[in-house]
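One structure below.
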Amino acid sequence: MMKNNSLKVIGSVLGLGTFLMIAPSLVAAEESESTIPSININLLSQDNEHAGILDVKVSDLIIIDNIDVKIPNVEENAEELAHVSITNEEIGTIEASVLTKTETVASNEQAVVDIGNQDIPVVNKVDVEILKQVENTSNDSTSSESALVDVAVEDLIVTENVDVEVIKQVENTSTDSTSSESALVDVAVEDLIVTENVDVEVIKQVENTSTDSTSSESALVDVAVEDLIVTENVDVEVLKQVENTSTNSFSNESTLVDVAIEDLIVTDRVEISVLDSENFMKDENKKETQKGVHLKLSNLPLLGTLHVGVLENQFVKKNQNQQKDSSLVTIGLGEESSLSNSLIDKVELNVLENSQISSKNLQAEKSAVVGLELNDTSLGDLSTYVLLSESTMDKGNRKNNSGLLEVNTDDLLLLKDIHLGVLDRHVDEGEKAFSLSEGLLQLDLISDLTDEISIDVLTNDEFTNNSGTYQNGKTISIGLKNDLVGEINVDILPTENSVAATPTNPIPPMEDVVEEVEGNEGEDGSSEEIITDHIPVAENDLVTENNPVINEDEDSADEQNAPNDEGIIVVEEEGSDSSANTLIPNPNLIADGDDEILTEEKITEDDETSLGANFFNNDGNFFNGSSLPQTGGFFTGIMLLVIALSLLSGGWTIRKIA
């Protein structure tokens with residue numbers, strides 16, 4: 001009863017106010033024309049055709065054709081506290097409702113104020129709702145939408161529908177999932193002349209929750225355009241943030257600017273991102289990516305996918321394996337999948353690149369100022385690096401590769417394999433061996449035409465194992481290996497050096513040998529001649545077949561242990577004269593096949609053979625001599641000097657004659 005009385009009081013006040021508002025129009029109409037407007041007022045009517053509190057209908061006004069006021073307005077499935085309808089030929093029909101509510105079996109719509117304008121010359125319908133609330137319910141889902149202000153415009157000249165919502169909130173709930181979307185401002189435009197749909201959202205927030213996963217997306221500005229003339233979809237997001245969480249995984253992506261374009265004329269998809277960061281975690285695996293600027297064009301004709309990145313960093317951890325890649329500029333071309341429609345499978349150019357790999361038994365790092373890699377099943381593989389530095393540590397084995405310019409190919413057409421190094425250095429160090437290769441220029445070619453060609457300029461090779469160290473230097477070296485001509489090597493000013501390794505067994509002092517010899521004296525006190533297979537000598541005085549000199553120490557005046565002319569080492573006993581010296585033949589001066597002692601004349605007769613023998617002996621081990629082998633052939637140093645002077649004098653003579 002109190003509610004009905006309150007509604008009657010409110011309706012009476014609104015009715016009085018409405019009458020006072022339209023009274024001036026009635027007076028003006030009476031003064032200007034003699035025609036009296038039609039006024040129909042029903043107050044507290046019990047008739048179902050009229051409003052219960054106030055029903056006012058005014059027609060034939062000068063400015064306004066019709067005014068209809070109902071307090072309240074009750075229709076089928078709709079209730080309004082107050083409804084005002086104004087009709088005019090120029091402005092069309094304006095309808096305003098206060099505290100509206102529309103209910104059906106599955107939906108409920110409410111608004112504090114609802115203003116509608118129909119049949120406007122430039123637009124068909126305009127609907128403005130304040131504090132709008134819409135709810136829809138089905139058997140297994142519910143949805144709700146609310147907005148502080150909702151403006152809907154239909155049938156504009158340049159577009160069909162425009163919907164503007166301020167402080168928009170949308171929620172959807174089903175049996176196993178919920179979703180919500182909010183925006184400070186949401187503008188949706190349909191059927192523009194140049195595009196089908198345009199959706200602009202400011203301070204957008206989207207959240208989705210299911211049984212085992214949640215996701216959220218936010219953006220300061222999100223612009224989505226569909227079905228443009230030159231493309232299908234365009235999506236631009238500013239200050240974008242995306243998070244996804246499941247039972248055992250988590251992903252996060254943030255971007256200052258993100259642009260996605262689909263179905264362009266020349267490409268399927270274009271992706272542009274500025275200051276992009278992506279994180280992904282699953283169990284103990286992790287992937288992190290940072291991009292300053294990222295551009296990607298997918299499915300270009302004949303080219304495949306084009307990728308351009310500036311200031312890109314990537315970190316990947318999988319179990320105990322880790323990999324980190326970074327570059328200032330990256331340009332990639334080719335297909336990402338094995339089904340390639342491009343001319344080249346993959347081409348990648350990196351500027352200031354760095355790559356690090358770490359696992360249980362492997363540590364690797366590679367950096368280069370410029371790196372170019374080409375991979376193609378038909379053309380072959382090519383890699384080119386400028387200022388390369390590469391190191392690998394694998395189970396105690398260390399490898400280092402560096403160079404000003406490094407070019408490597410694999411399975412190229414005709415040429416097959418190529419290695420070109422300029423100011424390069426290659427080191428391979430293991431537990432038992434060490435190898436080094438460096439030079440100004442190293443070129444190796446393997447092709448079907450010439451088989452193998454090698455060109456070295458100012459190179460140095462070194463190899464060390466348990467037997468010793470071998471060094472080989474080349475000023476200019478050209479090598480050719482072919483089935484027709486065999487193997488040809490031309491070396492200019494080569495150098496070789498071999499150094500024996502330090503004996504692992506300790507060498508007893510010379511005094512112990514003298515005591516042992518003294519213990520073998522005869523009964524008459526004279527020394528016996530002892531032939532031994534091993535004579536301990538100092539490390540720097542190793543006696544070899546090609547090195548008959550036993551001791552060349554200029555500072556030592558003691559020559560008691562020097563060999564005599566017959567190749568016999570004389571060991572003087574302490575306290576005995578020279579006639580009692582023990583004679584020990586040097587086994588290294590014994591000729592092969594008999595017991596003939598090599599004398600100085602015998603060595604001179606065999607001097608045609610080089611005193612520096614090959615650094616490999618008959619057993620294939622390193623030669624333990626301390627002498628340097630002599631190398632070279634016809635082009636000796638003197639011969640090259642004569643040739644150079646001849647060319648110089650010939651050129652000078654020709655110039656004078658000319």
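The values are calculated or read from the model by the stated rules, or taken from the named source; none is laboratory data. Just so it is clear, the model here is predicted, and its values are computed rather than measured. When we count neighbours, we look across all protein chains shown, and the Cβ atoms used for this are built from the backbone with ideal geometry, even at glycine. Protein only, heavy atoms only, side chains kept; ligands, DNA and RNA dropped before computing areas. Shrake-Rupley method; radii C 1.70, N 1.55, O 1.52, S 1.80 Å.
Odds and ends about this structure:
- Selection within the stretch 405-427 - at pLDDT below 90 and at positive phi: Asp411, Leu414, Lys416
- Which listed residue is in contact (Cβ under 8 Å) with a residue 24 or more places away in the chain, over 22 Å from the mean Cα position of the chain (by Cα) and open to solvent by 40 Å² or more (accessible area, probe 1.4 Å), from Asp381, Asp428: Asp428
- Selection of first residues in the stretch 113-127 that are more than 12 Å from Val84 (Cα to Cα) and of second residues that are open to solvent by 40 Å² or more (accessible area, probe 1.4 Å) and among the hydrophobic types (A, V, I, L, M, F, W, C), restricted to Cβ pairs under 6 Å at least 6 apart or on distinct chains, gives the following pairs, ordered by first then second residue: Val123/Leu156.
- Pair list, Cβ < 8 Å and 6+ apart or interchain, from the stretch 224-235 residues that are of a type in the set (Ser, Thr, Tyr) to residues that are in a loop (DSSP other than H, G, I, E, B) and open to solvent by 50 Å² or more (accessible area, probe 1.4 Å): Thr231/Asp263; Thr231/Leu264; Thr231/Ile265
- One residue stands out among those in the stretch 175-201 that are modelled with pLDDT under 90 and farther than 20 Å from Leu228 by Cα: the one that is most open to solvent (accessible area, probe 1.4 Å), which is Thr175.
- Residue, most open to solvent (accessible area, probe 1.4 Å), within the stretch 465-500, restricted to residues that are hydroxyl-bearing (Ser, Thr, Tyr) and touching a residue at least 24 places away in the same chain (Cβ under 8 Å): Thr495
- Considering (1) under 19 Å from Ser182 (Cβ atoms); (2) open to solvent by 60 Å² or more (accessible area, probe 1.4 Å); (3) among the hydroxyl-bearing types (Ser, Thr, Tyr), the lone condition that Ser215 does not fulfil carries the number (2).
- Scanning the stretch 87-111 for residues that are open to solvent by 50 Å² or more (accessible area, probe 1.4 Å) and in a strand (DSSP E or B) yields Ile94, Glu95, Val98, Leu99, Lys101, Thr102, Glu103, Glu109, Gln110.
- Which numbered condition Val351 fails, given (1) closer than 30 Å to Ala501 by Cβ; (2) assigned to a strand (DSSP E or B); (3) open to solvent by 40 Å² or more (accessible area, probe 1.4 Å): (1)
- Applying the condition of being open to solvent by 40 Å² or more (accessible area, probe 1.4 Å), over 21 Å from Ile492 (Cβ atoms) and not charged (D, E, K, R) to the stretch 445-460 and asking which residue is nearest to the chain's Cα centre (by Cα) yields Ile446.
- Selection count where residues are hydroxyl-bearing (Ser, Thr, Tyr) and outside any strand (DSSP E or B), scope the stretch 112-139: 1
- Test for Ser340: is it part of a strand (DSSP E or B), over 25 Å from Asp428 (Cβ atoms) and either modelled with pLDDT under 95 or in contact with a Lys or Arg (Cβ under 9 Å, 6 or more places away or on another chain) (or both): no
- Residue satisfying condition, being over 19 Å from Ala368 (Cα atoms), in a strand (DSSP E or B) and acidic (Asp, Glu), within set Asp417, Asp424: Asp417
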